[in-house]
Structures are given as structure tokens and as C-alpha cells.
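> Before I ask anything, here is the structure I am working with.
Every number in this text was worked out from the coordinates using simple rules, so none of it is lab data. Everything numeric in this text was worked out from a predicted model, so none of it was measured. Every residue, glycine as well, gets a Cβ built from its backbone with ideal geometry; the counts of neighbours run over all protein chains shown.
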Amino acid sequence: MMKPADLPRTIPVFPLPGALLLPRARLPLHIFEPRYLAMLDDTLKTPHRLIGMVQPREVPGGDQNRLHAIGCAGRVTQFSETEDGRYMITLAGMSRFRVREEVQGFTPYRRCDVSWDGFESDLGPTEHDAGFRRETFLDLLGRYFDAMSLSTDWDSLKEADDELLINSLSMLCPFDPEERQALLEAPSLSTRRETLVTLIEFALRGGADEETMQ
């Protein structure tokens, strides 16, 4: 298991809108742009093999290259190369980070100096949610999936532990980038579950500012 002291100060970042990675979760990615192929090649040469996933920050009429302050670093655990030179990789979520500043350099991809302070629990054991009412949650989720015409393996959801269930749904449900950022920044699993429930209820209301559905 990686320790805080093993985490580098500078990491490459992949500003991919709508892509959410959470600690102890896995994110498959398809890498094909030349700059990100170069990023992956360089990353695989490092001992930590970390890539930071971070959301671009939408600034109306402003700088389109701004990043959100908080992202999550993942370790490349699987990769395969296609015949035409593209990569299919899997990132295993390690820890969230706070962007301190962007590093100016000669790489075609972006790099940032980051701080890992405040996210020590991300490298710890699986979180549990003492207030999680699974039956009520799955009933709400069923209505949401019906409304969104989504399908899933309900048996697997019923058997998944709290963290895997909540984090997987946070990553897979079709929320917008700012909503995904709120899920990423949730300080605990219970807070993330509360945020997830709020987003699902809001979607079921059609985005209208009405009373929460019962």
C-alpha cells in the first residue's frame, strides 16, 4: 500500500471533463491523443505511476484552461496497446490532491505541483457509512434508473459494500461535471452518499426546485 511519503510533489494531470476518479475505485481510460500518449509513456517510467485526474473549471468568458482546485490521482495498474498505437489503461484511485500551481515546462501535457495534505484517509482502509439505509437507497436508485432508462446488475449492487456501491454510482451516473466535482470533494463517504442522494432526487424532479420526492 502506498504511504503519504511515497506521493510525489509534481504529477502529470489529465483534465478530462466529466471523468471522475475516487480513492480505491477504478477508472478505465482510452488514451489516443499524442500528448497523453507521451504522458503515459513518461508515467510508466516513474516508480509511482501516478496520473492526476482533474476537472477543467468552467469560467464564463474567462480562461478555458483553468482547473478545479481538487483532483484525484490514480496509479496505472493495467494497460494494453492497440495495433494503431493507442492505449487502454486502468487507473486505481490512490488519493485526492489540491493543486498548488501549474508547472511550466517542455512536456506536451500539463503538470502540477500538488499538496496531499488533508486527504490522508484516502490511503487508509475502506470507509463505511454507519447511516446508510441500503433498502431505501436502492428504492430511490431504482426510480432514478427507470427515469433515465439505465440498466444495471441489481444483484451486484445489493451485495457490494458501502464504499464500492456509493463510489461506483458517483462515477457512473450521468451527472454534469460540477456535480461530479461536488462528489469528489465530499469529505467522507457518508457526505458523498448524502450528496449522491440529493443529486438523484434533483434529477427525479426534472431539475425543478420543488420539494424532495418521498
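> Charges at C-beta only: +1 for Lys and Arg, -1 for Asp and Glu. How large is the resulting dipole of the chain about its Cα centre, in Debye rounded to 20?
760 debye
> I need the calculated FRET efficiency for the pair residue 194 and residue 81, taking r as the beta carbon distance and R₀ as 45 Å, to the nearest 0.05.
0.65
> Going through region 73-142, which trypsin sites (Lys or Arg not before Pro) have at most 15 other Cβ atoms within 10 Å and a DSSP loop state?
Answer by residue number: 86, 133.
> Please sort by residue number the trypsin sites (Lys or Arg not before Pro) in region 1-57 whose DSSP state is loop and whose Cβ has at most 10 other Cβ atoms within 10 Å. Intermediate results must be reported in sequence, preceding the final value.
Values: sites: 9, 24, 26, 35, 45, 49, 57; in loops: 9, 24, 45, 49, 57.
Passing both the DSSP loop test and the Cβ count: 45.
> Amide H neighbours of residue 111 under 5 Å, counting only residues 5+ apart in sequence or on other chains, H built in-plane at 1.01 Å?
Amide H to amide H, under 5 Å and 5 or more residues apart or across chains, residue 111 pairs with 13, 103.
> A further question on this structure: To the nearest 20 Debye, how big is the dipole of region 134-204 about its Cα centre, given +1 on the beta carbon of each Lys and Arg and -1 on that of each Asp and Glu?
80 debye
> Using only alpha carbon pairs under 8 Å that are at least six residues apart, calculate the relative contact order of region 134-204 and give it in whole percent.
The value is 41 percent.
> Would you mind telling me which residue in 50, 140, 189 has the biggest mean-square fluctuation in a Gaussian network model of the chain, where springs connect alpha carbons within a distance under 10 angstrom?
Sorting by GNM fluctuation, first place goes to 140.
> Residues with amide H under 5 Å of residue 26's amide H, sequence separation 5 or more or different chain, H placed in the peptide plane at 1.01 Å from N; which?
So residue 26 has HN proximity to 93.
> Counting alpha carbon pairs within less than 8 Å and at least 6 residues apart, what relative contact order, in whole percent, applies to region 1-57? Write out the running numbers ahead of the final one.
Details: 41 pairs, mean separation 33.0, N = 57.
That works out to 58 percent.
> Now a separate question. So if we plug the beta-carbon distance of residue 41 and residue 120 into 1/(1 + (r/R0)^6) with R0 = 45 Å, what FRET efficiency do we get, rounded to 0.05? Can you show the working numbers first?
Numbers: r = 31 Å, r/R0 = 0.68.
The computed FRET efficiency comes out at 0.90.
> What FRET efficiency, computed as 1/(1 + (r/R0)^6) with R0 = 41 Å and r the Cβ-Cβ distance, is obtained for residue 154 and residue 66, rounded to the nearest 0.05?
Numbers: r = 40 Å, r/R0 = 0.97.
E(calc), rounded to 0.05, equals 0.55.
> So, one more: Counting GluC sites (Glu not before Pro) as exposed when in a DSSP loop with at most 11 other beta carbons within 10 Å, what is the longest stretch of the chain free of them?
Numbers: sites that count: 83, 210, 211.
It runs 84-209.
> Could you pull out the chymotrypsin sites (Phe, Trp or Tyr not before Pro) across region 66-148 that fall in loop regions by DSSP (anything but H, G, I, E, B) with no more than 10 other Cβ atoms inside 10 Å?
106
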